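Student: One structure is given below, represented as structure tokens, and several questions about it will come after.
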Amino acid sequence: MDKTIIVQCKRCAHLFEVDGDDLNVQQDGADERGMGLEVFYHGAIGAHCPQCRSPFEIEYEASEYPVGMPNYAEYHPTGVTIVKGVPLVDFSFHDEDYDYETVDKSESGLIVPERKLIVGHLNDGVAELILEIKKRHNLIHDIDPRQFEEIIAHVFKNNGFVVDLTKRSRDGGRDVIALRNDMGIPCKYIIECKKYAPQNKVGVGLVRSLFGVQMNEGANKAILATTSEFTAGAKKFAATKHTAEWFLDLKDYNHVMDWILKDQG
């Protein structure tokens with residue numbers, strides 16, 4: 001399959017090619033659904049326009065559902081416009097990553113694959129999962145994206161918020177809505193959760209998109225939480241929007257782990 005992506009620089013309008021293999025697409029979790037697993041993938045590339053040397057980023061997200069059937073694929077470009085993209089980067093599902101082994105199922109409901117941690121429903125699994133992550137911090141990289149959203153919702157609930165964990169969709173923008181009165185003033189948080197591998201940094205495109213959702217919904221505060229880190233461009237954009245009127249905050253792996261370690265369950 002041709003993996004060439006054709007992009008146009010937003011600064012100088014130069015057209016050039018990007019090799020889809022450079023996106024370094026990797027599996028990034030899975031979620032059990034009615035017809036089996038939905039498997040998620042993420043990749044990213046950062047480089048410079050060959051003509052004007054302006055920096056650009058392209059983030060890529062995709063999923064298979066059911067396994068072996070492409071479900072969706074989307075790009076988040078910054079600094080360039082995608083003229084021709086790859087419908088679905090050539091990836092393959094690795095069954096061995098999901099070789100489930102039940103451990104003490106009668107008491108905990110915890111299912112531990114060789115390299116993935118799969119936990120049951122929000123009501124009976126998240127608190128236990130948080131306890132396990134407190135013991136072994138690296139487990140946070142083995143949960144799937146929905147479980148990460150459930151953890152964040154759980155943490156906010158335990159901090160006095162009324163939380164709404166939104167239904168899974170690929171629209172993006174916010175995964176958790178958290179409401180609380182701060183000193184008698186109603187406050188609405190929207191929180192987007194990105195469960196990325198440590199080496200896949202969150203780019204400015206997703207931060208810019210969250211800020212747009214924040215303005216559209218009139219939320220007081222917006223937070224993007226990730227198991228990874230943020231690019232310099234993402235941090236710079238957030239800093240310019242982090243004002244008294246629009247509170248936009250980025251929480252990386254270290255911040256998220258601090259939330260988890262302080263959670264009282």
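Every number here is computed from the coordinates shown, using simple stated rules; none is lab data. Computed from a predicted model, the values in this text were never measured in an experiment. In this analysis, Cβ positions are derived from the backbone assuming ideal geometry, glycine residues included, and neighbour counts consider all displayed protein chains.
Student: Hey, rough spin-label estimate for Ala47 and Lys188, points 7 angstrom out along Cα→Cβ, what's it come to in nanometres?
Tutor: Between Ala47 and Lys188, the simple spin-label model gives 4.2 nm.
Student: In addition: Between Rg and the Kirkwood Rh of the range 4-93, both from Cα atoms, what is the Rg to Rh ratio?
Tutor: Ratio of gyration radius to Kirkwood radius: 1.06.
Student: On average over all directions, what projected area in square nanometres does the range 140-262 have, based on the convex hull of its Cα atoms?
Tutor: Orientation-averaged projected area of the Cα hull: 7.3 nm².
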